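This report refers to the structure that appears directly beneath it.
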Amino acid sequence: MTSRKSNGEDSIYWDKSKGRYIGAISLGYFPDGRRNRPKVSGKTKTEVRAKLREKKKEAEAGVRSRATYTVEKAVRAWLAHGLKGRDKGSIETYTRMATNHVIADLGRAKLTDLTPDAVDCWLDEKSMVLAKSSLEMILSILRRSISHAQRSDLVMRNVAELVELPDGQPGRPSKSLTLKQAESVLAARKGSWVHVYVAVSLLVGIRTEEVRPLTWSRVHLSPEGEFSPHIEVWRSVRRHGETKTQRSRRTLGMPQGLVELLAEHRVTQQARRERLGLTWDPDGFVFGTDVGEQRTANHVRRNFRALLRDAGFPDPTQWTPRELRHSFVSILSDQGVPVEKIAQLVGHSSTRVTEAVYRHQIRPVITEGAEAMDEIFFRGVNGNAGD
């Protein structure tokens with residue numbers, strides 16, 4: 001004879017219609033007086049007992065897990081509430097990566113059933129097609145989504161915190177222009193805004209995210225006391241307009257050849273606005289559209305590649321505007337500017353990033369930034385360039 005279970009104890013029974021064992025546990029009553037008696041199911045009694053123990057642990061921890069709460073629901077909840085204050089571009093990137101990878105692959109899985117092994121297998125599969133930076137992003141999305149569910153007491157542990165990130169595929173290596181290529185780039189599409197944009201990026205080493213929001217009030221084309229012509233790199237397209245780091249907020253001198261290009265560009269822009277019946281705005285964007293709006297990254301990229309095509313590059317799609325900054329570093333280094341000076345010019349906190357990521361050629365001679373660029377590219381302003 002088996003003893004009868006007292007009220008409130010776990011119960012396990014066979015459900016013939018479902019072909020599974022059903023387990024039930026009493027967890028008291030809901031505020032409205034209804035009995036809180038969740039049920040679980042499994043192929044064996046051992047599996048059901050393990051699930052009932054997990055339910056008890058969740059109840060003791062105050063977790064209110066739901067069998068219908070899937071990974072997709074957790075991710076969408078985080079996308080809706082966990083990205084407050086992020087800029088539009090970041091939100092679009094997170095949403096795209098979450099939809100195409102996390103939700104597409106794991107979305108149907110119940111959050112409470114997700115295991116570290118399942119996440120490991122998923123990452124291993126993704127590592128065959130994604131670069132490490134993309135793997136980092138999708139794992140971060142999963143971790144943050146589960147963490148968001150934890151704060152709502154919908155799951156006990158964050159299984160995504162228990163896995164190791166695989167290496168992934170190597171990303172596309174950054175390149176830099178040779179001196180000959182840089183000269184051909186600076187000779188293409190003269191008189192256009194993209195020509196001047198490229199000149200600023202290549203000759204001063206400003207990030208493309210810092211060039212797009214650059215305003216005329218931050219460009220000083222005439223000497224001011226002891227200060228030579230310079231650009232104040234104080235803003236970027238990042239959140240709240242801040243530069244990438246505090247060290248990135250800097251004031252940079254310009255080679256005289258670039259000063260002349262910018263002066264011509266300003267005259268052209270003023271004349272164009274007058275023809276359109278628009279007044280001149282001293283705080284307007286240096287490389288804004290005809291109606292004064294900031295250009296998008298895609299717009300800059302398309303025009304940059306069109307310029308490369310005119311400059312004779314066989315496959316312009318293999319280049320991006322950010323590689324103009326790499327070229328700035330490499331060309332200065334090739335001409336002998338020490339890495340410490342280059343790190344200061346590009347706004348790095350140390351020489352480590354400059355040496356590991358940006359510099360592709362090293363020479364042991366000392367020169368200065370703007371003066372070196374004048375010597376490299378504008379020594380022939382009066383007719384001897386490239387000789």
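Can you find a residue in the range 235-250 that is farther than 28 Å from K84 by Cβ and modelled with pLDDT under 95? Scanning the range 235-250 turns up at least one residue that is farther than 28 Å from K84 by Cβ and modelled with pLDDT under 95. Give the range 277-288 a look and list any residue that's of a type in the set (V, I, T) and either in contact with a Cys (Cβ under 8 Å, 6 or more places away or on another chain) or surrounded by 13 or more Cβ atoms within 10 Å (Cβ to Cβ) (or both), or say none. Result: V286, single match. With respect to (1) part of a loop (DSSP other than H, G, I, E, B); (2) at pLDDT 75 or above; (3) within 22 Å of L177 (Cβ to Cβ), the lone exception for N298 is condition (1). Filtering the range 25-72 to residues that are at pLDDT 75 or above, in contact with a strand residue (DSSP E or B) (Cβ under 9 Å, 6 or more places away or on another chain) and acidic (D, E) leaves only E47.
Contact map, the range 278-294: first residue farther than 17 Å from E264 by Cβ, second residue in a strand (DSSP E or B) and not polar (S, T, N, Q), Cβ cut-off under 9 Å, separation 6 or more or different chains; pairs are G292/F285; E293/F285; Q294/F285. With respect to the stated conditions, K110 is over 12 Å from Q169 (Cα atoms), in contact (Cβ under 8 Å) with a residue 12 or more places away in the chain and surrounded by fewer than 16 Cβ atoms within 10 Å (Cβ to Cβ).
If you go through the range 140-159 one residue at a time, do you hit one that is over 24 Å from E54 (Cβ atoms) and not in a loop (DSSP other than H, G, I, E, B)? Yes; the residues of the range 140-159 include at least one that is over 24 Å from E54 (Cβ atoms) and not in a loop (DSSP other than H, G, I, E, B). In this entry, V291 is excluded by the filter for residues that are within 21 Å of I376 (Cβ to Cβ), modelled with pLDDT of 85 or more and out of contact with any Cys (no Cβ under 7 Å at 6 or more places or on another chain).
Among the residues of the range 75-106, those that are part of a helix (DSSP H, G or I) and either farther than 16 Å from M137 by Cα or β-branched (V, I, T) (or both) comprise V75, A77, A80, H81, K88, I91, T93, T95, T99, V102, I103. For the range 155-165, indicate whether the set of residues that are under 23 Å from T317 (Cβ atoms) and modelled with pLDDT of 90 or more is non-empty. Looking for residues that are under 23 Å from T317 (Cβ atoms) and modelled with pLDDT of 90 or more, one finds none in the range 155-165, hence no.
The values are calculated or read from the model by the stated rules, or taken from the named source; none is laboratory data. Computed from a predicted model, the values in this text were never measured in an experiment. Here Cβ is always computed from backbone atoms with ideal geometry, including for glycine, and neighbour counts include all displayed protein chains.
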